[in-house]
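Peer 1: Quick one: structure below, then a few questions.
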Amino acid sequence: MRLIDADVSHLPAIRAIVNDVIASTNAIYEETPATEEETIAWFAAKRAKGFPVLVAIDETGVAGFASYGEFNPKSGYRDTVEHSLHVAPDRRGQGLGRRLLEAIEQRARDAGVRAMIGLIDSGNEPSRRLHTSAGYRLCGELPEIGHKFGRRLTVCYYVKHLESAAAEGTD
């Protein structure tokens, strides 16, 4: 399994993963499948702002992807990002999510990002366990603010500070 920067040739596979997640889980609070145009626009926006999109690829194709982007557009949040990672259904539970998370965190560190946020549905226990074991801390919940599959959904905010202990407080 290789982790590489995505290019436009990977977008159909990324879209297929996203659309599976939309159709079968609460990991994305969206009810309508992503179109080709939306996926191209998403990728172009990431590139225009210098945000990475990584894909996990092997002989079968794209098995998962990870990215990050603005957490909030206000200038005071400039060194905080929100990440996203998703794994193809047949590849879940095999450690790929952890590899993608570690890789996207390293990209963020290299870019000078101080904090990474993950928004996770309260019922997504595998993602919550992954983030907790990777050093993320649950900072709060927004109860019943989402809606999907006829249910109200609660989003949990997880945060990890990416700076090393030696670098803390050196700004």
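Peer 1: Would you confirm whether any residue within region 74-89 is within 30 Å of residue 47 (Cβ to Cβ), out of contact with any helix residue (DSSP H, G or I) (no Cβ under 9 Å at 6 or more places or on another chain) and of a type in the set (Lys, Arg)?
Peer 2: Yes - at least one qualifying residue is present in region 74-89.
Peer 1: While we're looking at this one, here's another question. Counting just the residues of region 97-124 that are in a helix (DSSP H, G or I) and in contact (Cβ under 8 Å) with a residue 60 or more places away in the chain, which one comes out least open to solvent (accessible area, probe 1.4 Å)?
Peer 2: Here the answer is 100.
Peer 1: Among the residues of region 38-70, write down those that are among the hydroxyl-bearing types (Ser, Thr, Tyr), farther than 11 Å from residue 14 by Cβ and open to solvent by less than 50 Å² (accessible area, probe 1.4 Å).
Peer 2: Once the filter is applied, which keeps residues that are among the hydroxyl-bearing types (Ser, Thr, Tyr), farther than 11 Å from residue 14 by Cβ and open to solvent by less than 50 Å² (accessible area, probe 1.4 Å), region 38-70 yields only 68.
Peer 1: Which numbered condition in (1) surrounded by fewer than 19 Cβ atoms within 10 Å (Cβ to Cβ); (2) part of a strand (DSSP E or B); (3) touching a strand residue (DSSP E or B) at 6+ places or on another chain (Cβ under 6 Å) is the only one that residue 147 fails?
Peer 2: (3)
Peer 1: Check 44, 13, 48, 34 and return the single one that is among the aliphatic types (A, V, I, L, M) and either in contact with a Ser or Thr (Cβ under 9 Å, 6 or more places away or on another chain) or within 20 Å of residue 127 (Cβ to Cβ) (or both). It would help to see each step written out before you state the result.
Peer 2: On the way: 44 fails: either in contact with a Ser or Thr (Cβ under 9 Å, 6 or more places away or on another chain) or within 20 Å of residue 127 (Cβ to Cβ) (or both); 13 fails: either in contact with a Ser or Thr (Cβ under 9 Å, 6 or more places away or on another chain) or within 20 Å of residue 127 (Cβ to Cβ) (or both); 48 fails: either in contact with a Ser or Thr (Cβ under 9 Å, 6 or more places away or on another chain) or within 20 Å of residue 127 (Cβ to Cβ) (or both).
Among 44, 13, 48, 34, only 34 is among the aliphatic types (A, V, I, L, M) and either in contact with a Ser or Thr (Cβ under 9 Å, 6 or more places away or on another chain) or within 20 Å of residue 127 (Cβ to Cβ) (or both).
Peer 1: I've got another one for you. Spot the failing condition for residue 73; the list is (1) surrounded by 14 or more Cβ atoms within 10 Å (Cβ to Cβ); (2) over 23 Å from residue 2 (Cβ atoms), and only one is missed.
Peer 2: It is condition (1) that residue 73 fails.
The values are calculated or read from the model by the stated rules, or taken from the named source; none is laboratory data. Given the structure is predicted, the values throughout are model-derived calculations rather than measurements. Because the Cβ atoms are built from the backbone with ideal geometry, glycine has one as well, and the counts that use them run over all protein chains shown. These accessible areas exclude ligands, DNA and RNA; they are computed on the full protein's heavy atoms, side chains included. Shrake-Rupley method; radii C 1.70, N 1.55, O 1.52, S 1.80 Å.
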